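Everything on this sheet refers to the single structure shown next.
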Amino acid sequence: MHDAFLDALASVVRAHRVDLTALARREGLGAEDALDCVHDAFCTYLKLGLRGELPKAESEHPAWLAGAVANEARNRRRLHHLARPHDPLDDIELEESETPEALVARAEDCVKLRGCVNKLCKTQRTVVMMRLLEERPGEDVAAALGITRGHVDVLVHRAKASLRVCMIGEHERA
């Protein structure tokens, strides 16, 4: 049984290593960290497979591996305080199918969102900036502001609701 599983593992590694590494890179990891992340996912896959704890259907294994890589990549970013890289607006590649009107609408939405963020109270605005844009861990945000982690979560939840209402209101007025 172990030999059959190891053969299947070798096949899965060959078939999916490039896609899984690209997934880790899209999650904001550098090349070396992405490879480590994929390696860790394969090690977990091997351990679970040898114990018979993987999904029964082999067709589900690539999706399981993708989930494991994505989770590992996010955890590495959080543990190492790495923010997911955000592309500067000038560096965004435009799709050929996008019309000038769609580009203008997207730019207007960005401006509206910035305006809505500025309407938040100072604490909510700070939490949104630290937690959502800088992607800092909730514990760090709580420590920096001298509040509890639960309060940070509540502020983020309320800020998102306020931003949603603000953006919808802005669209209805337009």
Scanning the range 47-60 residue by residue, those part of a helix (DSSP H, G or I) and either surrounded by fewer than 14 Cβ atoms within 10 Å (Cβ to Cβ) or at pLDDT below 85 (or both) turn out to be K47, G49, L50, R51, E58, S59, E60
Reported set for the range 119-136 where residues are modelled with pLDDT under 90 and surrounded by fewer than 16 Cβ atoms within 10 Å (Cβ to Cβ) is M129, L132, L133, E134
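On the basis of being aliphatic (A, V, I, L, M) and touching a helix residue (DSSP H, G or I) at 6+ places or on another chain (Cβ under 6 Å), does A22 make the cut? Before the answer, list the steps.
Numbers: aliphatic (A, V, I, L, M): yes; touching a helix residue (DSSP H, G or I) at 6+ places or on another chain (Cβ under 6 Å): no.
For A22, the condition - aliphatic (A, V, I, L, M) and touching a helix residue (DSSP H, G or I) at 6+ places or on another chain (Cβ under 6 Å) - is not met.
The values are calculated or read from the model by the stated rules, or taken from the named source; none is laboratory data. Computed from a prediction, not measured in an experiment: that's the story for all the values here. A quick note on method: Cβ atoms are made from the backbone with ideal geometry, for glycine too, and the neighbour counts reach across all protein chains shown.
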